[in-house]
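The values are calculated or read from the model by the stated rules, or taken from the named source; none is laboratory data. Please read these numbers as outputs of a predicted model, since none were measured by experiment. Ideal geometry is used to build each Cβ from the backbone, glycine not excepted, and the neighbour counts take in all protein chains shown.
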Amino acid sequence: MLQKLILRCKYSGEQKANYNWGSLFHGFLINALPPEISEVLHQSRLRPFSQYVLPQPDQQLTWTIGLWDSNIAPHIIQAVIPLIKIELQQKAMTLEVAEVQRICQSEQEYFGQFFTGGTPCRRYEIEFLTPCTHKQYGLYALFPSPELIIKSLNNRYCAFVEDVSLDEPEAMEQITAHIRIVRYSLRSAVYYLENTKITGYMGRITLVVSGPEQLARLAGALLSFAEYSGLGIKTALGMGGVTIKEIR
């Protein structure tokens, strides 16, 4: 099952929320989980969730958590749903949880959008809400490419589902070869992690999918999965938060 938790939080004081708080919320989440689950996550090469923070007007923010792993998701949901406050020790502040929204989609519901019905969508807009980047040749990429996007999504997507999997190099290559960026409005953006500064990008891109109908359906399922998994590196720490919009 795919799930998304969206928490609306209020705070007071002089400090202003920003997307860099994502790393602080990650720390809070890990500490809120049972110790044995936190240990599993620390040892996991691929974090089975994504999360990011977005500032809102009037001293509010939203905290979004994307879930797709059936083993870890129940523990995160159990820790997050009852929250009435969030303490950020590094900021010496306490936030009030004003609202918790839970969005759920079964695998059948999710894939039904893409593999049943009429003509598949062939145009998608990706909005990068928090800084995104990819490791390429040992450096941080300052611009997205179809290859980097598909490669980033593939591992998490294959961990979510096996029946409609891309766990074959040929499938990835075919999808990558039939996706192109036709429009972009991007700017460089910096994400701070403790003593590390990561430069990536934010903004929007529009992708067009060509090729056979079945390939377009699979590409749509893969790209839309980014709303839950995030895109690029450090998605569990607050980077790579995105929304995906079909353009008909």
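Computed values, structure above
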item: Conditions (1) surrounded by 15 or more Cβ atoms within 10 Å (Cβ to Cβ); (2) over 22 Å from PHE111 (Cα atoms); (3) aliphatic (A, V, I, L, M): number failed by VAL182; result: (1)
item: Meets criteria (among the basic types (Lys, Arg), in the same structural domain as VAL242 (by TED's automatic domain parsing), at negative phi and modelled with pLDDT of 95 or more) for ARG156; result: no
item: Verdict on LYS197 being crowded, with 22+ Cβ neighbours inside 10 Å, closer than 23 Å to GLY22 by Cα and without any contact (Cβ under 8 Å) to a residue 60 or more places away in the chain; result: no
item: Qualifying residue in region 209-220 (condition: under 18 Å from ARG183 (Cα atoms), surrounded by fewer than 23 Cβ atoms within 10 Å (Cβ to Cβ) and not hydrophobic (A, V, I, L, M, F, W, C)); result: yes
item: Count - residues of region 174-196 that are modelled with pLDDT under 95 and in a strand (DSSP E or B); result: 2
item: Top-ranked residue in region 1-56 [being charged (D, E, K, R), part of a loop (DSSP other than H, G, I, E, B) and under 17 Å from the mean Cα position of the chain (by Cα); ranked as farthest from GLY241 (Cα to Cα)]; result: ARG45
item: So LEU83, is it of a type in the set (A, V, I, L, M, F, W, C), closer than 30 Å to GLN56 by Cα, touching a residue at least 60 places away in the same chain (Cβ under 8 Å) and assigned to a loop (DSSP other than H, G, I, E, B); result: yes
item: Those residues of region 57-68 which are surrounded by 15 or more Cβ atoms within 10 Å (Cβ to Cβ) and part of a loop (DSSP other than H, G, I, E, B), in sequence order; result: GLN59, TRP68
item: Pairs with Cβ under 6 Å, 6+ apart, first in region 206-222 and closer than 13 Å to ILE150 by Cβ, second at pLDDT 95 or above and aromatic (Phe, Trp, Tyr); result: LEU207/TYR124
item: Pick from region 1-38, criterion among the β-branched types (Val, Ile, Thr) and farther than 21 Å from LEU193 by Cα, ranking: surrounded by the most Cβ atoms within 10 Å (Cβ to Cβ); result: ILE37
item: Candidate set: region 106-135, residues that are within 27 Å of ASN18 (Cα to Cα) and surrounded by fewer than 16 Cβ atoms within 10 Å (Cβ to Cβ); chosen: the one farthest from the chain's Cα centre (by Cα); result: LYS135
item: Residue match in region 159-175 (condition: of a type in the set (S, T, N, Q), surrounded by fewer than 22 Cβ atoms within 10 Å (Cβ to Cβ) and in contact with a strand residue (DSSP E or B) (Cβ under 7 Å, 6 or more places away or on another chain)); result: no
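Residues are listed down the side, and each one gets a yes or a no for (1) more than 16 Å from LEU5 (Cα to Cα); (2) touching a Gly at 6+ places or on another chain (Cβ under 9 Å); (3) not hydroxyl-bearing (Ser, Thr, Tyr):
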residue	(1), (2), (3)
ARG47	yes, no, yes
ALA79	no, no, yes
ILE84	no, no, yes
GLN89	yes, yes, yes
PHE114	yes, yes, yes
ARG122	yes, yes, yes
TYR140	yes, yes, no
LYS151	yes, no, yes
